[in-house]
Amino acid sequence: MAFPEPKPRGPELPQKRLKTLDCGQGAVRAVRFNVDGNYCLTCGSDKTLKLWNPLRGTLLRTYSGHGYEVLDAAGSFDNSSLCSGGGDKAVVLWDVASGQVVRKFRGHAGKVNTVQFNEEATVILSGSIDSSVRCWDCRSRRPEPVQTLDEARDGVSSVKVSDHEVLAGSVDGRVRRYDLRMGQLFSDYVGSPITCICFSRDGQCTLVSSLDSTLRLLDKDTGELLGEYTGHKNREYKLDCCLSERDTHVVSCSEDGRVFFWDLVEGSLALALPVGPGVVQSLAYHPAEPCLLTATGGSVQCWREEAYEAEGGAG
């Protein structure tokens, strides 16, 4: 007879604080890993964008060119470009190595909450409080967007992109999924203003956080509600949520200074990680390892699993 396989060890959650980066850029509005998780970007209320090695705690470059606070940023698949958006209504394309502005796209009528590259980094997608998602061609000189998605009835808070889909979350309480291959729009009504959305790593589900202090896991294709996660506080601010590197846990910022981890399948709370006294505004999860970045006030914290040893002994 065949014996059952030994149960694999549960995934380790990042709960050991390795480093705190004092970013020196006012309030940190967002923190984002680059594509391979070796570097991170911080978006400041002082109009700057900064590139760091978070495990070492070293600042690599500062990017200046926005006229108002920077609210979101993303790196390209090959690490050569960055895009950012902010309170000046502009979407900026940067050259990573030189720190120079390559292009500045103007057309949004309100602040830009969220930016993403497509997979080839040929297009930047930006979502704004003006209720639109705009698609900007990085290679052409045309000043206007190549496409505008304006179905939202209120501000667009969060945009994510897969190889042929655009996911947009809006303050109107709807998640809209645009299938670019089929030219179709699918819409799921959550009811409460949406603050953040993301795809699961396997691409089958969408995670939605909203201002009723609830996260919902939806089947991407049918919109069926697969799970609800509560316990954190999210009533006022646009807070980040994500899935852990192996889709085992749902992770969310909270307005009470903690980050919450729930077991994806069971829905039970696995960890409430105390980060600081104020709102945890933003978080980023490493693409392949149990490593978490959190942003609260003017600093960013880097967390690893308990067993992690920094290279060369003590961090």
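So here's what we get for this one:
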{"read-out": "Search result, residues across region 163-173 that are within 20 Å of N113 (Cβ to Cβ) and either out of contact with any Leu (no Cβ under 9 Å at 6 or more places or on another chain) or part of a loop (DSSP other than H, G, I, E, B) (or both)", "value": "L167, G169, S170, V171, D172, G173"}
{"read-out": "Those strands (runs of 3 or more DSSP E) lying entirely in region 174-252 with at least 2 residues at pLDDT 95 or above and either closer than 21 Å to L13 by Cα or under 18 Å from the mean Cα position of the chain (by Cα) (or both)", "value": "174-179, 194-199, 205-210, 214-219, 225-230, 241-243"}
{"read-out": "L215 touching a Cys at 6+ places or on another chain (Cβ under 7 Å), buried (at least 21 other Cβ atoms within 10 Å of the Cβ), under 30 Å from T122 (Cα atoms) and not acidic (D, E)", "value": "no"}
{"read-out": "Region 301-311 - residue that is touching a Pro at 6+ places or on another chain (Cβ under 7 Å) and closer than 22 Å to L41 by Cβ and, of those, surrounded by the most Cβ atoms within 10 Å (Cβ to Cβ)", "value": "C302"}
{"read-out": "Complete set of residues in region 274-295 that are surrounded by fewer than 23 Cβ atoms within 10 Å (Cβ to Cβ), part of a strand (DSSP E or B) and of a type in the set (A, V, I, L, M, F, W, C)", "value": "C291"}
{"read-out": "Odd one out for Q184, checked against (1) in contact with a strand residue (DSSP E or B) (Cβ under 7 Å, 6 or more places away or on another chain); (2) open to solvent by 10 Å² or more (accessible area, probe 1.4 Å)", "value": "(1)"}
{"read-out": "Qualifying residues in region 99-150 (those that are farther than 23 Å from C198 by Cα and among the basic types (K, R)) - the one surrounded by the most Cβ atoms within 10 Å (Cβ to Cβ)", "value": "R103"}
{"read-out": "Region 56-99, residues that are closer than 24 Å to V133 by Cβ, touching a Leu at 6+ places or on another chain (Cβ under 8 Å) and assigned to a loop (DSSP other than H, G, I, E, B)", "value": "H66, S76, G87"}
{"read-out": "Long-range neighbours under 6 Å by Cβ, at least six apart or interchain, first residue closer than 15 Å to A74 by Cα within region 88-107, second among the hydroxyl-bearing types (S, T, Y) and buried (at least 18 other Cβ atoms within 10 Å of the Cβ)", "value": "V91/S126; V92/S84; W94/Y63; G99/Y63"}
{"read-out": "Contacts under 7 angstrom Cβ, first residue in region 225-246 being touching a residue at least 60 places away in the same chain (Cβ under 8 Å), partner among the β-branched types (V, I, T) and surrounded by 15 or more Cβ atoms within 10 Å (Cβ to Cβ), 6 or more apart", "value": "K238/T195; S244/V251"}
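The values are calculated or read from the model by the stated rules, or taken from the named source; none is laboratory data. Because the structure is predicted, anything quoted here is derived from the model rather than measured. Note: ideal-geometry Cβ built from the backbone for every residue, glycine included; neighbour counts use all protein chains shown. What goes into the accessible areas is simple: the full protein's heavy atoms, side chains included, and nothing from ligands, DNA or RNA. Shrake-Rupley method; radii C 1.70, N 1.55, O 1.52, S 1.80 Å.
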